[in-house]
Amino acid sequence: MYMKRVDIIASGDVQKVGFRDVVQKIGRDLGLSGTVENREPYDVRIVAEGEEDGLKEFIEALKIKRGPIHVRELEVSWSEATGEFPYFKILRGDWQEELGERFDVAVGLLYRSIEIGEENLALGRENLALGKENLAVSKENLAIGKKMLEKQDTMIERQDETIGEIRGMRSDFQDHMEKRFTKIEGEIAEIKAAIADIKGNA
């Protein structure tokens with residue numbers, strides 16, 4: 001098993017935001033050993049030892065831009081492992097300084113919770129507005145549907161009227177033709193009778 005060592009300087013918003021606790025947890029989860037400590041005035045120094053693949057994963061995991069933590073840059077130096085660290089630990093400073101940092105972390109988390117609450121409230125308002133818009137659209141669609149049904153009913157009524165008119169015209173035409181046929185038959189009968197009289201007198 002080939003062990004390596006990395007010496008990292010993290011800069012950005014990394015002090016008084018709980019960054020060292022996150023570094024320690026990531027290191028332990030990856031099975032690494034080492035230390036993490038604040039470095040004046042604003043940076044954090046991290047020394048870690050372990051397998052090279054694990055250290056590379058560790059470095060990538062440190063590129064945090066979430067919540068109050070914002071890592072802008074990591075200066076990384078590689079070397080051979082010394083085996084001096086039995087586990088991964090935080091090197092803390094004066095207890096008053098550490099207490100102040102804990103307080104700063106708590107305040108930061110509180111502000112973040114308030115921001116999340118405000119974001120959720122804004123999202124809820126947007127969803128409510130969207131719901132109202134959807135309801136208005138549904139009402140418009142319902143009104144359009146009613147108008148279409150009314151037009152369809154009107155068209156059906158007109159169609160029925162047209163069919164009735166056509167049937168009436170067919171009936172009138174049939175009556176007219178029957179009368180014409182009856183008249184023609186009568187005229188033919190008269191002509192036949194006249195012809196018969198002429199033959200009888202001849």
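Would you calculate, for the chain, the mean residue ellipticity at 222 nm contributed by helices, counting each DSSP H stretch of 4 or more residues as -39,500 (n - 2.57) and dividing by all residues, to the nearest 500?
The helix-only estimate for the chain comes to -23500 deg cm²/dmol at 222 nm.
Normalised by the empirical 2.2 N^0.38 Å for globular proteins, what value does the Cα Rg of the chain take?
2.97
Highest mean first, what order results for 14-26, 30-42, 138-150 on Cβ atoms within 10 Å?
Output ranking for 14-26, 30-42, 138-150: 14-26, 30-42, 138-150.
Coordinate-derived values only; no laboratory data. The shown structure was predicted, so the numbers you read here are calculated from the model rather than taken from an experiment. Because the Cβ atoms are built from the backbone with ideal geometry, glycine has one as well, and the counts that use them run over all protein chains shown.
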